[in-house]
Amino acid sequence: MTRTIRKDLCCFQLLLAILLGLTQPVWAGSQIGSQEDPSVIRYKFLVIDDQPLLESHNLRRKVNQAVKRKEPVMRLDAPWETDKDQLNYTCILYDEEEKLFKMWYTLMRWQGNTSDGPRGVAYATSKDGLDWEKPVLGLIEVDGSRENNMVIGFKRNFTYTIIKDRSDIAARRYKMIFSTYAEEALWAGHHSSLNLAYSHDGLHWERPRHVNPVLRGISDDNCTLFYDEDRRKYVLTTRRVPNTPRDISQYESYDLVNWEDKGRVLVAGDELDPPELYNIYDMPVFRYEGFFLGMINPYYVHPFAPTYGAYHKPPDYPKGKVGQLEISLAYSRDGQKWHRPDDRSPVVPIGKPGDQDGGVIFPCENPIVRDGETWIYYTGNFISHTWWDWLSYDFSKGTRDLAVLMLARMPEDHWVSLDAGGDEGWVMTKPWGPPNEIFVNADAEGGSVEAELVTPYGEVIQGFSRADSISLRVDGTEQKLSWKGGRSPYDLSVEQYGGVCLKLYLTRAKLYSYTFTLPDPDGELARNKANARWLEVIKHRSDQWGVHSTEPATGVPPFSRHQYNPATGREDFGEQMKKSIRERSR
């Protein structure tokens, strides 16, 4: 009987969490190595925003930096990669079916001009994401030979975004949105139109010429494609034309051909940005717990004379940021409304002048979650995004070593933390559960984290007070909260029906996330959790919003011909005919 009551309580708690927006959907993204007990359901809450929280005091929300790997993970070192080639745009994914990292990377070939040279796309694979192999594919002839790993030959310009689409059939499993243009298009004044390509293996690409281009003149170079599995939509983020200042716009489609313009979704240059920042260069998007996270690429230029700043070195160089690009954080809970934290610190900063990534860094698509960590691949270049720096380079050295592929790792949930210094701070969550167990991801080394449970009225629950709490004083991702009496919060399921609030006290500590668990022996809660966001987004739709629900629908007649129509108060044609026949037969 007790088990039945508690199971009903669990279902009620999940329903309440859905209504309050506290559930964390199970994303089907590139997550590797996740091992969990199937009889226990976990609900993790990050502190990126205030949605799961009721109140906080004397805590600072801080963006944290990923840990850079010192050595590059890939250079242009294949025999067919020449001294005139330079690493440019890169797209990386982890193929869960083949247990293989796959990378498409751009070679930009310098031709002695001050502008970008032609671009082609090459392919590489890796079993561990660190050591990359460049297979000889024999598909594209370059410099008189097919002994290379090219999948798309050099063109006047070429940018792209690639996904592996598990929602579609094997013959078009890989999708690409790309832009390219020839001299004739430039003469005609065309801007970057976007086109569709598909592939069964990611190497051989087909282009449906009867629909290309699928978007005309809306893109300024970089773009990112991802698939929202709950909304059953393809989502594209790109820079809008005109391209100054650069911002992030979003487009959505059910079929990759017909796109809906959702407008500008992220614009830089608010009161929290420095005056040099009013351009966002790019935003690769990926899913993490209950969020869509964007790796935005802020681009710093002269605050009121960007052209002058591009051609003339600042007198205080290298103190300023003019010409630099770094990687910062954006987030969204629905994949449509985007935000940036108030702390605009980069998650991946550029290196020092002279470092391989000391000029600019460009985020690759797409970050990959691996054993809790998030791997952020990026292209590092020691030349800034300015003409004065580019033109000062000695091109007799070649361009092969100008840029390399690098990696930064973000520890589990470390994107944003609530920080306390020497003066104690606290945070209280919205009511939940009661849960079976509570875990926190926190760094309390040199400090402490203490917990208590309170009712929604603010009353401390006996046996779960701060005085009864066993302090946490280490750094760890799975630190279980416990109290001296040894009771589980789940013991409160009946007497605190409707949920309890968790209150955490921090001193010289950082809180990254907290996790509630519930028993789930038959997997029902896991299924409900997986469906939570889908249930939020599915709705009845109508194209006739101006029509009252009581009015007859257009199209097929709303009533059979032998019925009386109450909406008009008249008999229909069939009844009129019967009446006429009866009258004639008299």
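With unit charges on the beta carbon (Lys/Arg positive, Asp/Glu negative), name the residue among A420, Y308, M406 whose Cα is farthest towards the positive pole of the charge dipole of the chain.
After comparing all options, I get Y308.
For K127, list the aspartates and glutamates whose Cα falls under 12 Å from its own Cα; do not include residues on the same chain fewer than 8 positions away.
Output for K127: D95, E96, E98.
Starting from the Cα-Cα distance between K484 and D334, subtract it from 0.36 nm times their residue separation and give me the gain in nm to one decimal. Intermediate results must be reported in sequence, preceding the final value.
Working: separation 150, 0.36 × 150 = 54.00 nm, distance 4.02 nm.
Computed gain between K484 and D334 is 50.0 nm.
Would you calculate the separation in nanometres between label points at K313 and A530, each defined as 7 Å from the Cα along the Cα-to-beta-carbon direction?
Those two pseudo-labels are separated by 5.8 nm.
Calculate the FRET efficiency for D342 and L391 from the Cβ-Cβ distance with a Förster distance of 51 Å, rounded to the nearest 0.05.
0.85
With a Förster radius of 35 Å, plug the Cβ-Cβ distance of D423 and T244 into 1/(1 + (r/R0)^6) and report the FRET value to the nearest 0.05.
Calculated transfer efficiency: 0.20.
Which lysines have a Cα less than 18 Å from the Cα of K175, not counting those fewer than 8 places away in the same chain?
Correct list for K175: K102, K164, K233.
With the crude spin-label approximation of a point 7 Å out along Cα→Cβ, what separation in nm comes out for D201 versus V460?
About 6.8 nm, to one decimal.
Given Cβ point charges of +1 (Lys, Arg) and -1 (Asp, Glu) and nothing else, what value in debye, to the nearest 20, does the dipole of region 328-377 about its Cα centre take?
The dipole magnitude comes to about 180 debye.
Residues with beta-carbon under 12 Å from that of T379, excluding T379: net charge, scoring Lys, Arg +1 and Asp, Glu -1?
With Lys, Arg at +1 and Asp, Glu at -1, the net is -2.
Per-residue counts of other Cβ atoms within 10 Å, averaged by peptide: what ranking do you get for 360-368, 132-140, highest first?
The densest-packed peptide leads the list: 360-368, 132-140.
Amide H to amide H, which residues 5 or more places from A268 or on other chains are under 5 Å from it, using H placed in the peptide plane?
I280
Quick one: 3J(HN,Hα) in Hz for region 502-508, Karplus 6.51/-1.76/1.60 with θ = phi - 60°, rounded, Gly and Pro as x.
Rounded to whole hertz, the list is 9, 10, 10, 10, 10, 9, 6.
Before anything else, pin down the relative contact order of region 375-478: Cα pairs under 8 Å, at least 6 apart, normalised by residue count, whole percent. Each step should come with its number before you reach the end.
Details: 93 pairs, mean separation 24.5, N = 104.
Result for region 375-478 is 24 percent.
Pull up the cross-link candidates among the aspartates and glutamates for K480, meaning alpha carbon to alpha carbon under 12 Å and not fewer than 8 places away within one chain.
List returned: E437, E450.
Which Cα, out of L59, V211, W534, lies furthest along the positive dipole direction of the chain (beta carbon charges, K/R +1, D/E -1)?
With unit charges placed on the Cβ atoms, the residue in question is V211.
Would you work out the charge dipole size for the chain about its Cα centre, treating the Cβ of every Lys and Arg as +1 and the Cβ of every Asp and Glu as -1, and quote it to the nearest 20 debye?
Once rounded to the nearest 20, the dipole reads 1560 debye.
Per-residue ellipticity at 222 nm for the chain, helices alone: DSSP H runs ≥ 4 residues times -39500 (n - 2.57), over residue total, nearest 500 deg cm²/dmol?
Result for the chain, helices only: -3000 deg cm²/dmol.
Give the order of L405, L100 when sorted by the count of other beta carbons within 10 angstrom, beginning with the fewest.
L100, L405
Which FRET efficiency value, to the nearest 0.05, is calculated for D165 and R75 with the Förster distance at 51 angstrom and r the Cβ-Cβ distance? Intermediate results must be reported in sequence, preceding the final value.
Details: r = 31 Å, r/R0 = 0.60.
Once rounded, the FRET efficiency stands at 0.95.
May I ask you to order 470-477, 507-514 by the average number of other C-beta atoms within 10 Å around their residues, highest value first?
In decreasing order of mean packing, 470-477, 507-514 become 507-514, 470-477.
Pulled fully out, how much extra length does the chain show between V257 and R216, if you take 0.36 nm times their separation in residues and subtract their Cα-Cα distance?
Net length gain for the segment: 13.6 nm.
Note down the relative contact order for region 70-410 as a percent, whole number, built from C-alpha pairs under 8 angstrom at least six residues apart.
Relative contact order, region 70-410: 14 percent.
Please list log₁₀ I(q)/I(0) at q = 0.19, 0.25, 0.29, 0.30 Å⁻¹ for region 314-375, using the Debye equation with identical point scatterers on the alpha-carbon positions.
Results for region 314-375 at q = 0.19, 0.25, 0.29, 0.30 Å⁻¹ read -0.91, -1.19, -1.27, -1.28.
Here are a few candidate values for Cα extents along the principal axes in Å: [x] 94, 92, 48; [y] 108, 90, 61; [z] 117, 67, 57. Which one was actually calculated from the structure I just gave you?
Checking each listed value against the structure points to [x].
Using a 10 Å cut-off around each Cβ, can you sort E206, E452, E36 from fewest to most neighbouring Cβ atoms?
Lowest to highest Cβ neighbour count: E36, E206, E452.
Each residue of region 347-358 in turn: what ³J(HN,Hα) in whole Hz from Karplus with 6.51, -1.76, 1.60 and θ = phi - 60°, glycine and Pro shown as x?
Per residue, the Karplus-derived 3J(HN,Hα) values read 7, 9, x, 6, x, 6, x, x, 5, 4, 10, x Hz.
Based only on other Cβ atoms within 10 Å, what is the fewest-to-most ordering of H312, H414, H204?
If I rank by nearby Cβ atoms, fewest first, I get H204, H312, H414.
Under the definition of Cα pairs under 8 Å and six or more residues apart, what whole-number percent is the relative contact order of the chain?
Numbers: 1330 pairs, mean separation 97.4, N = 586.
Rounded, it is 17 percent for the chain.
For region 202-212, what does the Karplus curve 6.51 cos²θ - 1.76 cosθ + 1.60, with θ = phi - 60°, yield as ³J(HN,Hα) per residue in whole Hz, taken in order and with x for Gly and Pro?
Residue by residue, region 202-212 yields x, 10, 9, 10, 9, 10, x, 5, 6, 10, 6 Hz.
Could you calculate the contour length gain from E271 to E98, that is, 0.36 nm times the residue separation minus the distance between their Cα atoms, to one decimal place in nm?
Stretched fully, the E271-E98 segment lengthens by 57.6 nm.
Write down the Kirkwood hydrodynamic radius of region 70-410, to one decimal in angstroms, obtained as one divided by the mean of 1/r over all alpha carbon pairs.
20.5 Å
Rule-based calculations on the coordinates, nothing more; no lab input. For clarity, every value in this text was computed on a predicted model and none was experimentally measured. Virtual Cβ from ideal backbone geometry, glycine too; neighbours counted across all protein chains shown.
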